[in-house]
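The values are calculated or read from the model by the stated rules, or taken from the named source; none is laboratory data. Treat the numbers as computed from the prediction; the structure is a model and nothing was measured. Heads up, the Cβs are rebuilt from the backbone with ideal geometry, glycines too, and the neighbour counts pull from every protein chain shown. Accessible surface areas use protein heavy atoms only, side chains included; no ligands, DNA or RNA. Shrake-Rupley method; radii C 1.70, N 1.55, O 1.52, S 1.80 Å.
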Amino acid sequence: MTTDEVIEMTVGDVMIAQPKTHPGDVLIADVRRAFEKPSVRTVLLADRGIFRGAIERDRLPEDAPADGPAARYAETEPVTATPAMPISEAIKLLDDQPEPRLIVLDEDGATLRGLLCFNRGSSEFCVR
């Protein structure tokens, strides 16, 4: 969906609801396996719907032991959005991110609601 198509919408209207997650105690080997898919740029960690962290592809050192906990490389307080946030505000946040992704948390600041991702190359939001 292009920016023009969604500009009057909220994050909740555009986000990928129920994105793939891994448990908070996931091993580095499992995260590496997820990153084998070129489309995966962020691995989300959550336990029973509660956000535990996000690992960006470039934050996982190549020499990290495969059997080690991946959570040590997770960002636990990333820039986030809420489902009610207007897309216009989310776009401003996305512009400042190295990866065009925003984790969407409920108003409680803990419950994972979705992932807002933007393809800068084509100026479109990812949909599933």
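Of the accessible area of the chain, with the probe set at 1.4 angstrom, what percent is carbon plus sulfur?
Values: 3510 of 7320 Å².
Answer for the chain is 48 percent, counting heavy atoms of protein chains only.
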What number comes out for accessible area per residue over the chain if the probe is 1.4 Å? Units Å², please.
57 Å²
Checking the a/c ratio against 1.5 first, then a/b against b/c, what shape does the Cα gyration tensor give for the chain?
prolate
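Excluding Gly109 itself, calculate the net charge of residues whose Cβ lies under 15 Å from the Cβ of Gly109, where each Lys or Arg counts +1 and each Asp or Glu counts -1.
On the way: positive: Arg52, Arg113; negative: Glu75, Glu77, Asp106, Glu107, Asp108.
Its environment carries a net charge of -3.
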